[in-house]
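Written out below as structure tokens is the structure these notes cover.
The values are calculated or read from the model by the stated rules, or taken from the named source; none is laboratory data. The structure presented is a predicted model; accordingly, all values stated were derived computationally and were not measured. Please note: Cβ atoms are built from the backbone with ideal geometry, for glycine as well, and neighbour counts cover all protein chains shown.
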Amino acid sequence: MNMEEIKKNPMYNYLLLLALFSAIGLQGWRTIFNNFAVDVVGINGYQVGVIQSVREIPGFLTFLVIYVLLVIKEHRLSAISVSCLGVGIFLTGIFPSYYGLIFTTFVMSVGFHYFETTSNSLSLQYFTMNEAPLVMGKLRSYKAVANITVGAAIWLLANQLGIKENLMLLGLLVIAGGVYASSINPAKKATTPQEKKIVLKRRYWLFYVLNFLSGARRQIFVVFAIFMLVTKYGFEVQDITVLFIINNIITYLLTPYIGKGINLLGERKMLSIEYSSMVIIFLGYAFIENRGVISLLYVLDNIFFHFAMGINTYFQKTAAPKDIAPSMAVGFTINHISAVVIPVFGGMLWMLNWKIPFIIGAVLSVTSLLFVQMIKTESTEENETYNRVTDKASNKENDKADDKGRKLPHDDTGIQETDTQSISNS
């Protein structure tokens with residue numbers, strides 16, 4: 001599949017625009033937040049923990065996206081979400097207080113999490129099964145460039161503007177990006193109408209389980225890996241910054257190939273590579289006490305983190321097309337259940353022995369590896385045919401419904417019996 005052909009799809013450029021502004025906003029906020037919280041607001045460690053917990057609440061509530069889509073088109077909600085992210089960042093500079101940080105962090109997080117949910121959903125709806133992994137890989141690649149760029153910009157502006165002014169300028173930039181995107185209509189291609197209700201189906205149980213386990217793995221990486229580097233190996237801000245730059249450069253270079261790898265090897269093999277490697281990495285965190293090796297493991301950890309896009313592309317290949325939007329919202333919520341649990345219990349276990357969270361991470365990786373072996377998808381050609389026939393059948397049904405002045409009910413697959421027969425004979 002040629003990326004030049006994919007770039008002709010208006011939705012690709014739309015999602016790329018929003019992904020860049022979202023990355024600029026989130027990375028800029030992360031870069032400034034700790035200094036702002038400590039030096040300007042003067043909060044303590046406990047209050048930082050509370051604010052970080054508040055930041056995860058919108059991720060847990062992303063299933064509410066389904067109801068917002070009753071009144072707002074999905075691509076429009078994606079742009080509004082980026083603007084909401086910008087509003088939260090802008091207001092952070094205006095309300096320099098503990099409760100102000102709680103409020104503005106919540107607003108910022110709503111925008112970020114709702115954008116991530118709708119972006120994943122639109123990527124799966126508007127691109128074929130061969131295209132979606134490439135699109136997701138490219139978006140992650142460009143976001144890495146945005147991360148490096150905004151970090152450099154803040155470093156250059158640090159002596160020119162105060163922390164408050166940097167936050168407000170950053171927020172205005174992200175708001176402008178979201179508002180501009182709101183004026184664009186990228187939905188040129190007809191897609192399968194999406195369910196406007198919570199979708200929980202037994203046939204999707206593996207998607208739910210993999211999302212939960214992926215969320216737990218993400219939390220151990222985000223919460224405890226950096227904490228270990230600082231507390232156990234004495235990493236300074238400069239050391240973490242170097243790792244951050246290395247990670248983003250590698251992300252820019254490799255994530256497009258991760259998408260290609262999913263097309264070439266399939267989700268089961270790619271996710272098996274991820275979780276097999278994560279067993280070694282987590283055990284390495286726990287038992288290899290060497291600064292250089294641990295740094296390498298952290299970089300590898302970041303690389304394999306991006307393999308998780310295979311969970312969503314697996315779902316695209318096995319789900320009814322009308323279930324994509326609500327299922328992305330539900331999957332995001334399930335992914336964030338562990339975001340509420342892991343930091344608290346992991347922190348308690350850390351106090352007993354700092355190695356325990358990483359040993360648990362290794363156990364979770366083995367568990368994920370076992371579940372990944374249950375992934376079964378049809379061949380790419382069969383799935384592409386299925387998608388084309390499904391869309392054709394869905395459009396026929398909607399046309400008939402329009403003629404009769406009512407909408408015909410869809411079955412669970414959204415495909416007619418005669419079309420199913422044509423697939424089996426192909």
Any hit, the stretch 184-207, residues being surrounded by fewer than 17 Cβ atoms within 10 Å (Cβ to Cβ), in contact with a Lys or Arg (Cβ under 8 Å, 6 or more places away or on another chain) and either at pLDDT 90 or above or farther than 30 Å from A37 by Cβ (or both): yes
Criterion violated by Q52 - all others in (1) touching a Phe, Trp or Tyr at 6+ places or on another chain (Cβ under 9 Å); (2) part of a helix (DSSP H, G or I); (3) at pLDDT below 90 satisfied: (1)
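Every residue, every condition in (1) closer than 23 Å to T251 by Cα; (2) of a type in the set (A, V, I, L, M, F, W, C); (3) outside the structural domain of F60 (by TED's automatic domain parsing); (4) surrounded by 24 or more Cβ atoms within 10 Å (Cβ to Cβ), yes or no:
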{"position": "V107", "(1), (2), (3), (4)": "no, yes, no, no"}
{"position": "V110", "(1), (2), (3), (4)": "no, yes, no, no"}
{"position": "T118", "(1), (2), (3), (4)": "yes, no, no, yes"}
{"position": "M136", "(1), (2), (3), (4)": "yes, yes, no, yes"}
Residue check, L229 over 14 Å from I303 (Cα atoms), crowded, with 18+ Cβ neighbours inside 10 Å, assigned by TED's automatic domain parsing to the domain that holds F371 and touching a residue at least 12 places away in the same chain (Cβ under 8 Å): yes
Flag if L122 is touching an Asp or Glu at 6+ places or on another chain (Cβ under 7 Å) and either modelled with pLDDT under 90 or surrounded by 22 or more Cβ atoms within 10 Å (Cβ to Cβ) (or both): yes
Scope the stretch 88-105; condition in a helix (DSSP H, G or I), aromatic (F, W, Y) and without any contact (Cβ under 8 Å) to a residue 24 or more places away in the chain; matching residues: Y99, F103
Count of the stretch 242-276 residues which are of a type in the set (S, T, Y) and either more than 16 Å from F305 (Cβ to Cβ) or within 17 Å of the chain's Cα centre (by Cα) (or both): 3
Filter result for Y14 (modelled with pLDDT of 85 or more, closer than 23 Å to P133 by Cα, aromatic (F, W, Y) and not assigned by TED's automatic domain parsing to the domain that holds M328): yes
Residues of the stretch 244-269 satisfying the condition of being more than 22 Å from L134 (Cα to Cα) and surrounded by 18 or more Cβ atoms within 10 Å (Cβ to Cβ): F244
Criterion violated by I32 - all others in (1) of a type in the set (A, V, I, L, M, F, W, C); (2) crowded, with 19+ Cβ neighbours inside 10 Å; (3) modelled with pLDDT of 90 or more satisfied: (3)
V299 vs. criteria surrounded by fewer than 19 Cβ atoms within 10 Å (Cβ to Cβ), within 26 Å of L134 (Cα to Cα), assigned by TED's automatic domain parsing to the domain that holds Y233 and of a type in the set (A, V, I, L, M): yes
Tabulated pairs, the stretch 242-271, first within 22 Å of Q316 (Cβ to Cβ), second outside any helix (DSSP H, G or I), C-beta under 6 angstrom, 6+ apart or interchain: N263/N130; E267/I375; R268/I375
All helices (runs of 4 or more DSSP H) inside the stretch 238-320 with 2 or more residues being touching a helix residue (DSSP H, G or I) at 6+ places or on another chain (Cβ under 6 Å) and over 27 Å from N353 (Cα atoms): 267-287, 309-318
Condition broken by S81, with the remaining ones in (1) over 30 Å from T191 (Cα atoms); (2) touching a Ser or Thr at 6+ places or on another chain (Cβ under 7 Å) satisfied: (1)
